[in-house]
Ligand code: AMP
C-alpha cells in the first residue's frame, strides 16, 4: 500500500527536497527534532527493513552514500549526526516506506531511546 512518501516521490505533495537521484530522495522532516532533520528514502516502495531482499542492495547502499553527501552539504559531517531507521510498532514507525532519519546540528545525547 502506498504512503505519503510515495506522493512526495511523485511530486503530488510538496516537500523541501534537499537531494535526489535515480534511486533515492531526501527531504526535510515536517516535524524536525533537531536543527537538521532529513528523511532519506528509496524511490522503490519497501515498507520496512523486514521486507528488504538482496535485490535491494544497490538502493540500500545508496541511502548511506546520499546520507553522507547530505551531512556534508548541511555542515554536520564533522560535528556529527545520527542515522536512524525505525522498524514497526515498538520502534514507533509511522510511515511504512523505509526511511533513514538524518539528525544533527546539536548534541543529541547518548541515545534517543529512554531507559524504561
Ligand atoms: P517514523 O516514526 O520513523 O516512521 O518517522 C516518520 C517521519 O516522517 C516523522 O519524523 C514525520 O515527522 C515525518 N513525516 C511525515 N509526513 C511527512 C511529510 N509530509 N513531509 C516530511 N516529513 C514527514
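Laboratory data are not the source of any read-out in this text; all were calculated from the coordinates shown. This one's a predicted model, so the numbers in the text were calculated from it and none came from an experiment. No Cβ is skipped: glycine too gets one built from the backbone with ideal geometry, and neighbour counts run over all protein chains shown.
Here are the numbers:
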item: Label-reachable residues, region 1-30, where backbone N falls under 20 Å from a point 7 Å from residue 45's Cα toward its Cβ; result: 1-15, 21-27
item: Residue 72/residue 12 FRET efficiency (R0 41 Å; Cβ-Cβ; nearest 0.05); result: 0.85
item: Value of D in µm² per second that Stokes-Einstein yields for region 59-116, Kirkwood Rh from Cα pairs, at 10 °C (1.306 mPa s); result: 124 µm²/s
item: Computed FRET value (nearest 0.05) for residue 65 with residue 108, which takes r as the C-beta separation and R₀ as 22 Å; result: 0.50
item: Packing rank of 61-71, 80-90, where each peptide gets the mean count of other beta carbons within 10 Å, highest leading; result: 61-71, 80-90
item: Calculated P(r) tail over 25 Å for the chain, as whole % of Cα pairs; result: 19 percent
item: Distance between modelled label sites at residue 83 and residue 57, nm, 7 Å Cα→Cβ extension; result: 1.7 nm
item: Intensity falloff of region 17-56 expressed as log10 I(q)/I(0), Debye formula with alpha-carbon point scatterers, at q = 0.29, 0.30, 0.31 Å⁻¹; result: -0.98, -1.00, -1.02
